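Taking it in order: structure first as C-alpha cells, then the write-up.
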There are 2 protein chains.
Amino acid sequence: MSRAPLRVAVLGAGTVGREVVRAFLERPRSLRTSDGAPLELAGVAVRDLAKAAAGGMPAELLSDGPAHLVADPKIDVVVELMGGGEPARTLIAAALAAGKDVVTANKHVIAHHGEALEAAARASGAQLRFEAAVGGGIPVLGPLALDLAANRVEAIRGIVNGTTNFILTAMAERGLAYAEVLAAAQAAGYAEADPTGDVEGADAVNKLVILARLAFGVWLEPGEVSVSTARTDGSAGLSGITGVTGADVAAAKEAGFVLKLIASAARVAGDDRGAQVAAAVRTTAVPGESPLGRTNGVLNRIEIDAEPVGRVAFSGPGAGGGATASAVLGDLLAVARDLGSTWAGRPPAIRGTVVAPPVEPAFAGPSGARYPILEAAS
Amino acid sequence: MSRAPLRVAVLGAGTVGREVVRAFLERPRSLRTSDGAPLELAGVAVRDLAKAAAGGMPAELLSDGPAHLVADPKIDVVVELMGGGEPARTLIAAALAAGKDVVTANKHVIAHHGEALEAAARASGAQLRFEAAVGGGIPVLGPLALDLAANRVEAIRGIVNGTTNFILTAMAERGLAYAEVLAAAQAAGYAEADPTGDVEGADAVNKLVILARLAFGVWLEPGEVSVSTARTDGSAGLSGITGVTGADVAAAKEAGFVLKLIASAARVAGDDRGAQVAAAVRTTAVPGESPLGRTNGVLNRIEIDAEPVGRVAFSGPGAGGGATASAVLGDLLAVARDLGSTWAGRPPAIRGTVVAPPVEPAFAGPSGARYPILEAAS
C-alpha cells in the first residue's frame, strides 16, 4: 500500500521556516505519512529570493509569490510561517477554502480570526493545525484536545511569553532597570526591535485566546482581554510589563514574590457551557517558591486544572526556531495521518465572553502598581 | 450521520475502575464518538458481586466472569483495570486476538508483554492504548508519539513512582526514618500493604520500559534494567529506595542534593536505530534546586530531551483514581475516534538491549551507598 507524496509549501523562511526546510532536506525519512508515502517539499515562499538562495535555501523551490503557491493545484498542504496579520490571514483562508490543509505557528491570525477560520475548515473539510502558536515546542494544545479530552477544564494559567519572562527574570536576578534589560534583550535577539507586542501583553493574549479555545470550547475576542495592572491611585494601569520598576521587583522579592506576566483563564462558576471566561494577562505577584515563580528566562510553563485529572503542567522552551519547528513538523505529521484539526474530536466552538477576573488580593509596589497575587495553591 | 453505540466492558472496579464507571454514569454526554454515537457501559467485571453492588455499582452490569465479557460478541472495547500479571495479560491478549480494542492502565503487563501484545494488535488491527500506565493522568505517551513525532529523543528521565517519592519527601522534610515513613504511608493509603513493587523499583522500571517504547521505538526487557545503587565497599547495592537511611538523606541535603528515585533512559551514542538504551532506576542525588529536586510528595515529573525541541517536561499527579481515570477515558475517546494504538504513526518496535548507565559521579552517603548524581543541567 502506498500513495502519492504529500506536497507541502512553506510560506516564510525566518527562524522557524528555515528549521522546517532543514528537516525536509536533512531528515526526509522522518517525514512520511503512516503508509510510508513521503512528504515532499514543493515550494518555499520568501521575501527576498537572492538572500534566501545565498542563505542555503534550495533555489529551485523558492518563490516570492506565496499566493501562487497556495493556489497551485499541486500543493496539498500549506505551512504558514510568515507571522503577522496580512497577508497570512488571507493566504490561510484561501488555502482552507480550497480544501488544502494548513499548519501554522501564527498566534495573531488564529487568535483574531480563529472563529472564521474554524468555520472555513469545517466547511471545506480541510485540516487546520496550530500547536506551534502556543508554547513553541511544548505540547499543550494537542494534550488538551486529546489526552485530556474526558476532563472538564476549570482553569488554565501560565507564562507564555519568553521575552517578557526573560526581562522580568533579569530584573529580579540582577537588579537591573526595565529599560536596561530591554535594550540588552534586543541586542541578544530575545526581544524584537519593536517589542510592543510582547511587552504590552498582546502576544500573551493571543496565546491565551487559543488556549481558551481548546480548554473551554469558546473563541474569545482578544481585544476584550485586559492586559492592565491596576494602580493604587485609580489611574490607568500598566500594559503588560511596561512600567514595572526595579523597586517593584525588589519589594516583591522582599515579600516572597516574583513578578511574572501571567496569562490566566477560568470557567465562570455556574456557566456550564463555558461561554463566560474570566481571562486576563497581567503582571502578577507569584509566590517565589512556586513552579511558576521558578520558571525563569525564556522558558514557558502552562498549568491546567481539570476534573478529574487535577493539575497537570507542561514546561519547556516557548520559542526558538528548533522548538517551534518541532511543533510545526508534529502537526505536519498529524495532517499526513489525517488526524484532523487541532480541535478534532471536540464540538464546534461557540463565541465566548470575557469577564474580568478579580484583582484582589494584590501586592502594592512602590511605583503605585497593584499586582494581583496568584493563589498559593499554584 | 450516526452509528451504533460503542459497547465497553470495564474489567476491575478498584480505585480507577470505579472512577471510570462513575464517568459513564454521571457524564455520559462527555463520552461519545466523533460522530455523536454514545459509548455504552455494557459490563463491569468485579471480584465480589455483592460488595460491588453494595458500593453503588450498577448491579445489572456486574459480572464476576471477566473472560466471558471479553468473549462476548456484543463487547467492542475492553478496559482492563484489574492490574497485575494474570489473568490481565491473558484477557488483554484474548481481546486483541478477537479484534477488540483494549485500553489499559496495566504497566506490568505492557512492560513485560508489550512486544507480544503489540504484535497481536498489529496482526488483528485492534487498537491498544495505555496512556494511564505511565504518570497517571499526566499526558506523556500521547505527546511523545504525536506532538513530538518529528523529534529524535535523546534522553528521558523522571520521577514516575508516587509512593517512593512520598516516602523520600517525608524523610527529607521531616527527618524521619525510612521504616517510620513507610508505615505512615501505608496507613494513609499512599503505599500498599506489600510495598515491594514500589520501593524496590519494579513499578518504575515498568514505566521506564513503556516510555522507552515511545521514545526510542524499542521494547526493553524489564529484568535487564538495574534498580541497584552501588556501595562503596563493593557489596551488592540497594534496590530502589530500600536501605536509604535518614543519615544519607540528611547528608545529601547538606551537600545541596535531594535523594529521588529517578528512572532514566538515554540513546547510546553511535546507535542510530536506538536499539541500545542506557536505562536504570536508581536512587539518585538530584540538585535540590532543580525542577526534579523540587518535585515532592506523590507528584510525578517526566523530562524529555529531544532534537530539535530541546527539553520539555510534564508534571502532575502520577496516581489516584481520578487522575488515572482521566487517562483511561482519554484513551477510550481516542479509540472511539479510531486514532489507533498509543504507538500509532510510529514504526513497529524492535527489540532493544539495556546498557548500564554510568554510575559516576556519585554522592557517597554515610550508609555506604553511592548515589549517582544527576547532571546539573536538569
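The values are calculated or read from the model by the stated rules, or taken from the named source; none is laboratory data. These numbers come from a predicted model, not from an experiment. For neighbour counting, all protein chains shown are included, and Cβ atoms are generated from backbone atoms with ideal geometry for every residue, glycine included. All accessible areas refer to the heavy atoms of the entire protein, side chains included, with ligands and DNA or RNA removed. Shrake-Rupley method; radii C 1.70, N 1.55, O 1.52, S 1.80 Å.
Determine the order of A:Asp233, B:Asp147 by accessible area, beginning with the largest, at a probe radius of 1.4 Å.
Listed by decreasing accessible area, they come as A:Asp233, B:Asp147.
Is there a simple number for the mean count of other chain Cβ atoms within 10 Å of the Cβ of residues in B:320-326, and what is it?
Counting other chains' Cβ atoms within 10 Å and averaging over B:320-326 gives 5.
In peptide A:65-72, what is the residue-averaged number of other protein chain Cβ atoms found within 10 Å of each Cβ?
That works out to 0 on average.
Using a 10 Å cut-off on Cβ to Cβ distances, tally the other chain neighbours for every residue of B:30-43 and report the average as a whole number.
1
Which whole-Hz ³J(HN,Hα) couplings does the stretch B:292-309 yield from phi under the Karplus relation 6.51 cos²θ - 1.76 cosθ + 1.60, θ = phi - 60°, glycine and proline marked x?
5, x, 9, 8, 10, x, 8, 5, 10, 8, 10, 10, 10, 9, 8, 10, x, 6
Over the protein assembly as shown, with a single point scatterer placed on each C-alpha, what log10 of the ratio I(q)/I(0) does the Debye formula yield at q = 0.04, 0.06 1/Å?
Those come out to -0.16, -0.36, one per q.
Using amide H atoms built in the peptide plane, which far-off residues or other-chain residues are under 5 Å from A:Val44 H to H?
A:Val10, A:Leu62, A:Ser63
Chains A and B: how much accessible area gets covered up at their contact, both sides added, probe 1.4 Å, in Å² to the nearest hundred?
Counting both chains, the buried surface is close to 3100 Å².
Towards the positive end of the charge dipole of the protein assembly as shown, with charges on Cβ (+1 Lys, Arg; -1 Asp, Glu), say which of A:Asn165, A:Leu238, A:Val354 has the farthest Cα.
A:Val354
Would you report the distance distribution of C-alpha pairs in chain A as whole percents per 20 angstrom bin, up to the bin with the largest distance?
Taking all Cα pairs of chain A, the binned fractions are 29, 55, 15, 0 percent.
Hey, if you put +1 on the Cβ of every Lys and Arg and -1 on every Asp and Glu Cβ in chain A, which of A:Ala336, A:Val102, A:Asn296 ends up farthest toward the positive end of that dipole?
Ranked along the dipole, the leading option is A:Ala336.
Just read off the accessible area of A:Glu154 with the full protein assembly in place, 1.4 Å probe, to the nearest 10 Å².
For A:Glu154, solvent-accessible area is about 70 Å².
Between the stretch A:335-363 and the stretch B:161-238, how far is it from one alpha carbon centroid to the other, in angstrom?
After rounding, the separation between the Cα centres reads 38 Å.
So what is the 222 nm mean residue ellipticity for the protein assembly as shown from helices alone, if each DSSP H run of at least 4 adds -39500 (n - 2.57) and you divide by all residues, rounding to the nearest 500 deg cm²/dmol?
So the helix-based figure for the protein assembly as shown works out to -10000 deg cm²/dmol.
What is the antiparallel percent of DSSP beta bridges lying wholly in the stretch B:1-66, to the nearest 5?
Rounded to the nearest five, the antiparallel share is 10 percent.
Suppose accessible area is computed on protein heavy atoms with a 1.4 Å probe; arrange B:Phe314, B:Phe166 from highest to lowest.
B:Phe166, B:Phe314
Measuring nothing but label to label, 7 Å from Cα along Cα→Cβ, what are A:Gly99's distances to the other copies in nm, shortest first?
Values, ascending and in nm: 3.1.
Counting heavy atoms of the protein chains only and a 1.4 Å probe, report the per residue accessible area for the protein assembly as shown as a whole number of Å².
Result: 37 Å² per residue.
Among the lysines, which have Cα under 25 Å from the Cα of B:Lys260 when same-chain residues fewer than 8 positions away are ignored?
Partners within reach: B:Lys107, B:Lys207.
Using θ = phi - 60° and the Karplus relation 6.51 cos²θ - 1.76 cosθ + 1.60, list the HN-Hα couplings for the stretch A:342-356 in order, rounded to whole Hz, with x at every Gly or Pro.
Going residue by residue, I get 4, 8, 3, x, 9, x, x, 6, 9, 7, x, 10, 8, 10, 6 Hz, with x marking Gly and Pro.
For chain A, which whole-number percentage of the solvent-accessible area (1.4 Å probe, protein heavy atoms only) is attributable to carbon and sulfur atoms?
On chain A, the fraction of accessible area on carbon and sulfur atoms equals 55 percent.
Is there a quick way to get the dipole size of the stretch A:99-144? I mean about its Cα centre, with the Cβ of Lys and Arg at +1 and of Asp and Glu at -1; what is the value in debye to the nearest 20?
60 debye
Please give the charge dipole size of the stretch A:66-127, origin at the Cα centre, charges +1 on K and R Cβ atoms and -1 on D and E Cβ atoms. Round to the nearest 20 debye.
It works out to roughly 0 debye.
For the stretch A:272-378, build the convex hull from the C-alpha positions and give me its volume per residue in Å³.
167 Å³
Can you say what percent of the DSSP beta bridges in the protein assembly as shown, counting only those with both residues inside, are antiparallel? Round to 5.
Counting DSSP beta bridges with both partners in the protein assembly as shown, the antiparallel share is about 60 percent.
If amide hydrogens are placed 1.01 Å from N in the peptide plane, which non-local residues have theirs closer than 5 Å to the one on B:Val268?
B:Gln276, B:Ala278
To the nearest 10 square angstrom, what accessible area does B:Phe24 show with a 1.4 Å probe?
The value for B:Phe24 is about 20 Å².
What residues have an amide H closer than 5 Å to that of B:Ser341, excluding those fewer than 5 places away on the same chain, when H is modeled at 1.01 Å from N in the peptide plane?
Under 5 Å from the amide H of B:Ser341: B:Leu128.
If you average the sequence gap of Cα pairs under 8 Å that are 6 or more apart and divide by the length of chain A, what percent do you get for the contact order?
Answer for chain A is 20 percent.
With every protein chain left in place, what is the accessible area of A:Asp194 in Å² (1.4 Å probe, nearest 10)?
100 Å²
Among DSSP bridges having both ends in chain A, what percentage is antiparallel? Round to the nearest 5.
If I count the DSSP bridges inside chain A, around 60 percent turn out antiparallel.
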